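Visitor: This is the structure I have questions about; it appears just below.
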Amino acid sequence: MIGAAFLASLAPVVLIAAVTPAPKASPPAKEAARPAAGAPSSVDGVKFFESEIKPILDRNCVPCHSGTNPQGKLLLTSRDALLKGGVSGPAVSLEKPETSLFLTAIHHEKGKQMPPGRKLPQPQLDALDRWVKMGLPWTEPKAEKPGEKAEAPPQKAVHWAFRPMRRPAPPAVKKKEWVRSPVDAFLLNPLEAKGLAPNPPAGKIALLRRATYDLTGLPPTPEEVRAFLADASPDAYEKVVDRLLASPQYGEKWGRHWLDLVRYAETNSYERDGTKPNAWKYRDYVIDSFNQDKPYSRFVMEQLAGDELAPRTPESLIATGYYRLGIWDDEPSDPQQALYDDLDDVVNTTSQVFLGLTVSCARCHDHKLDPIPQDDYYKFLAFFAGVQRYGGPGSGRDVRHSLRPLAPQAEQEKYRKEIEAHRAKVKANDEAVEALEKRVMDDLIPVEKEEFRNENARPDILKKRVPRLLSEGDFQRYLALREERKALERQRPKALDMALAVTEAKEPRETRVLMRGNPHVPGEKVEPGFPTALSPPKPVIAPSPYGDTSGRRLALARWIASPGNPLSARVLANRLWQYHFGRGIVRSSNNFGLQGDPPTHPELLDWLASEIVTKGWRLKPIHKMLMLSSAYRMSSKGNPVALQKDPENDLFWRFDMRRLQAEEVRDSILAVNGSLNPERGGPSIYPEIPEEVLAGQSRPGEGWGRSTPEQRRRRSVYIFAKRSLVTPILASFDGPETDSTCPVRFSTTQPTQALGMLNSTFLNEQAKVFAGELIRKAGTDPADRVKLGLWRVLQRAPTEAEIRRGAALIASLQKDEKMSAEAALESFCLVALNLNEFMYLD
């Protein structure tokens, strides 16, 4: 893909080339083949090309710059083609190699970027620089023998991610004793090829913290640490992994990963940022699915087409809340444009999350880099053509079209009859009351007519007409009817449990290619279809057995969840690796296309993907395999030799240290001070937010409820996800973006983090709670309190020096700052919660 931007990033040059003569060709190949001064011999140059340059070109360039229609008319399949160049002229100057357009672009200089948005690693740039200065040594083309047919021109290579999935055999390695699973062999082989060794194992405490946070998002307790340290059995660590996978906190941690991907939030964004009713049920569905170890294939189908599966269950209906999680404009200036913006959100999220493809880039034109024509975008969109907009017809604020009852059909029918009977009673009551009131209306004076508007004043007005216009019996009946009406109001049939879910119109909308994405300029009609770059089958669409959907979404879901899909299992395997090891085998985990990062270990990725399918798409066996590997158990310590050869840790020679994520920071504070409420599921909670933060809303405080102190201490995954109002500690520590899919979170270091951790009301309140816990559990000795506090914060036994330092801080605060013993302990607790060792995982 190195030359992929010659059309895009060099557009001005392309335009000029169209109206000016092409530059002079490079010197003849015979003269140009001379190596530069000091360059290796031609044999060495060819070896250098074969070993160092050709792999770079094949992986990054040839997919776009080969075949009959290469990008920018630039072929990178032979030396002569590179010297000839494309529409922008020669790509390399052998007379002045440092001025070569090729080098300018790969170094992202002068506004040119190749690959676009992704600069090659420095060692690869250095190798390409050297190659150009050597005179472009290249493997000589095969000589054509007399009578032999000329080789057919090379066809454009199939991008790695679009090839059928395979199951490669684990490679041979020298250090066989390091290999606990095939994963280790796939990592060790390239390390040995580069003369590197994997890091030694991490210590037991570092490994326990790593595993516990990875699977539950919470710190291990002192008791769990002591038990693990005391267990000398060979399977001690395996027992820890099994315990953590069986914990209900596993679903809360890994469900949060999925909620990031599907842009989970409980409000609509825009100015009003109205609430999405019952969105929390989708959150609970995700958490429960992970805890049940539901097969991923089923998980996919339930979210994309749960209402089209048989049998239709409350769980499968709740799953389709996936479609309702995006932003929604409740008063669009162009309703048709808003409809297609909503559909684009579904296309974008579905294609990136499940397939790792940026299909939405083809909404207005053919994809600039991936082989996704505009037709394919609208064929993909056609699978969702029956979906009703969140607000229903007219784009109003009525969301009844997005709410569905969860009760069985028989119960729904019973409820319908109860409602009809209740309405009939209300109607009969209204008619009887109105008939009695009508008998006195003509007798009312103007002031009484005004008072009659007040329901509570009517009995007195009617009583004045007894017995002249009404008998005493009539009046008593009137009073009884009014009481009956109040009772009817109180005795409404209990509403059915509802879920935020997808609904479809009776007939799917006609789908046409929209010229430049404009819904007011429709073009050719298209039918549902899968991306052609994947060589897919034709969709098999069967009508829904329930008669209220088209069956299109189920056809899409089945294809995505099929073992034959070349992307689904690869994308999932990459995400599992990313969440365990800190970054994906493919770093651009939502983009497996030509613009995305190539896999650092493609064979490992394919093996993992095939293993997922082999294990029935269940994730817990894959978690266990990865976590029991030697690779996962490595230390995070630096190694001068490895840091020099592989500073980015592309080869995974060590485990990357990481900071706790936003929810882990908040939940860990509550866990170590003993106040964390483990209650699971149900409606979301509302932590207290400072008035200054609430004032930042267009309508300060609107839509933010009040929870009890006990509820406010629940885990962060249960906090109400309001798009316009993020809980400050989650915002400071890089909580997820909710307007679109969030495949990777930032990990920033910024002043608001330290300021909030020291000065915020939340931290100071939690430090006070922590101090109270230490007073209750550790007695009166300051050293004992410090020891217990550090045990909880650091998840290890503190050293004597650390205990003395903590006790000295408390003493100095009492002496120098005149603090009480309790206030000094609170300050120590605040300091302890700010320790780096608390915030980072080795």
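Visitor: Only one of (1) in contact (Cβ under 8 Å) with a residue 12 or more places away in the chain; (2) of a type outside the set (S, T, Y); (3) closer than 13 Å to P531 by Cα fails for H365. Which number is that?
Guide: Only one criterion in (1) in contact (Cβ under 8 Å) with a residue 12 or more places away in the chain; (2) of a type outside the set (S, T, Y); (3) closer than 13 Å to P531 by Cα is unmet by H365, namely (3).
Visitor: Specify the residue that is modelled with the lowest pLDDT; the eligible residues are those in segment 390-430 that are within 25 Å of the chain's Cα centre (by Cα) and open to solvent by less than 20 Å² (accessible area, probe 1.4 Å).
Guide: Here the residue is G391.
Visitor: Still on this structure, I have one more. Just to check your reading of the model, which residue among G701, G705, G756 is of a type in the set (G, A, S) and within 28 Å of S827 (Cβ to Cβ)?
Guide: Of the residues listed, the single one that is of a type in the set (G, A, S) and within 28 Å of S827 (Cβ to Cβ) is G756.
Visitor: Starting from residues that are surrounded by fewer than 16 Cβ atoms within 10 Å (Cβ to Cβ) and touching a helix residue (DSSP H, G or I) at 6+ places or on another chain (Cβ under 8 Å), keep the ones in segment 450-468 and report whichever is farthest from L436 (Cα to Cα).
Guide: By that ranking, first place goes to E451.
Visitor: Sticking with this structure for a sec: Restricting attention to segment 580-599, does a residue exist that is closer than 22 Å to V262 by Cα, touching a helix residue (DSSP H, G or I) at 6+ places or on another chain (Cβ under 6 Å) and surrounded by fewer than 21 Cβ atoms within 10 Å (Cβ to Cβ)?
Guide: Within segment 580-599 (the criterion being closer than 22 Å to V262 by Cα, touching a helix residue (DSSP H, G or I) at 6+ places or on another chain (Cβ under 6 Å) and surrounded by fewer than 21 Cβ atoms within 10 Å (Cβ to Cβ)), the answer is yes, since at least one residue qualifies.
Visitor: If you don't mind, another one. Answer yes or no: is there a residue in segment 522-532 that is closer than 20 Å to H365 by Cα, touching a residue at least 40 places away in the same chain (Cβ under 8 Å), among the polar types (S, T, N, Q) and not in a loop (DSSP other than H, G, I, E, B).
Guide: yes
Visitor: Go through (1) open to solvent by 30 Å² or more (accessible area, probe 1.4 Å); (2) in contact (Cβ under 8 Å) with a residue 60 or more places away in the chain; (3) of a type in the set (S, T, Y) one by one and return the number of the condition S333 breaks.
Guide: Against the list (1) open to solvent by 30 Å² or more (accessible area, probe 1.4 Å); (2) in contact (Cβ under 8 Å) with a residue 60 or more places away in the chain; (3) of a type in the set (S, T, Y), S333 comes up short only on (2).
Visitor: For segment 469-511, give me each residue that is of a type in the set (F, W, Y) and in contact (Cβ under 8 Å) with a residue 24 or more places away in the chain.
Guide: Residue satisfying the conditions is Y478 alone.
Visitor: Looking for whichever is within 30 Å of V586 (Cβ to Cβ) and of a type in the set (A, V, I, L, M) here; the options are V744, V693. Which one fits?
Guide: Result of the check over V744, V693: V744.
Visitor: Are there any pairs with C-beta distances below 8 angstrom linking a residue in segment 180-206 that is farther than 22 Å from E603 by Cβ to a residue that is among the small types (G, A, S), with the two at least 6 apart or on different chains, and if so which?
Guide: That search, which allows pairs on different chains as well, returns P200/S635; P201/S630; P201/S635; A202/S635; A202/S636; G203/S635; A206/S635; A206/S636.
Visitor: Still on this structure: Tell me which residues, restricted to segment 647-685, are under 23 Å from L833 (Cα atoms) and hydroxyl-bearing (S, T, Y).
Guide: Scanning segment 647-685 gives S668, S675.
Visitor: In addition: Filter segment 536-579 down to the residues that are part of a loop (DSSP other than H, G, I, E, B), open to solvent by less than 40 Å² (accessible area, probe 1.4 Å) and under 30 Å from H401 (Cβ atoms), then identify the one that is modelled with the lowest pLDDT.
Guide: S544
Visitor: Residues being within 17 Å of Q303 (Cβ to Cβ) and more than 21 Å from the chain's Cα centre (by Cα): count how many of those fall in segment 551-564.
Guide: Within segment 551-564, residues that are within 17 Å of Q303 (Cβ to Cβ) and more than 21 Å from the chain's Cα centre (by Cα) number 8.
Visitor: Given the structure, is D739 charged (D, E, K, R), open to solvent by 10 Å² or more (accessible area, probe 1.4 Å) and touching a residue at least 24 places away in the same chain (Cβ under 8 Å)?
Guide: So D739 passes the test.
Visitor: Same structure again: For segment 789-811, name all the residues that are in a helix (DSSP H, G or I) and either surrounded by 19 or more Cβ atoms within 10 Å (Cβ to Cβ) or of a type in the set (F, W, Y) (or both).
Guide: G789, L790, W791, R792, V793, L794, I803, G806, I810
Visitor: For the list (1) part of a helix (DSSP H, G or I); (2) open to solvent by 60 Å² or more (accessible area, probe 1.4 Å), I need the number of the one condition that R482 fails.
Guide: (2)
Visitor: Also, I was wondering about something else. Collect the residues in segment 620-640 that are in contact with a Leu (Cβ under 7 Å, 6 or more places away or on another chain) and open to solvent by 10 Å² or more (accessible area, probe 1.4 Å), keeping them in residue-number order.
Guide: K620, K624, R633
Visitor: Follow-up. Looking at R715, R723, R658, which is the one that is under 25 Å from the mean Cα position of the chain (by Cα), closer than 24 Å to T212 by Cβ, touching a residue at least 40 places away in the same chain (Cβ under 8 Å) and open to solvent by less than 60 Å² (accessible area, probe 1.4 Å)?
Guide: Among R715, R723, R658, only R715 is under 25 Å from the mean Cα position of the chain (by Cα), closer than 24 Å to T212 by Cβ, touching a residue at least 40 places away in the same chain (Cβ under 8 Å) and open to solvent by less than 60 Å² (accessible area, probe 1.4 Å).
Visitor: Can you spot a residue in segment 279-288 that is over 30 Å from A499 (Cα atoms), assigned to a helix (DSSP H, G or I) and either aromatic (F, W, Y) or open to solvent by 10 Å² or more (accessible area, probe 1.4 Å) (or both)?
Guide: no
Visitor: Then there is this: I'd like to know if segment 662-685 contains one or more residues that are among the β-branched types (V, I, T), closer than 16 Å to D842 by Cα and within 25 Å of the chain's Cα centre (by Cα).
Guide: There is at least one residue in segment 662-685 that is among the β-branched types (V, I, T), closer than 16 Å to D842 by Cα and within 25 Å of the chain's Cα centre (by Cα).
The values are calculated or read from the model by the stated rules, or taken from the named source; none is laboratory data. Quick caveat, the model's predicted, so the values are computed rather than measured. Cβ: placed from backbone, ideal geometry, glycine included. Neighbour counts: every protein chain shown. These accessible areas exclude ligands, DNA and RNA; they are computed on the full protein's heavy atoms, side chains included. Shrake-Rupley method; radii C 1.70, N 1.55, O 1.52, S 1.80 Å.
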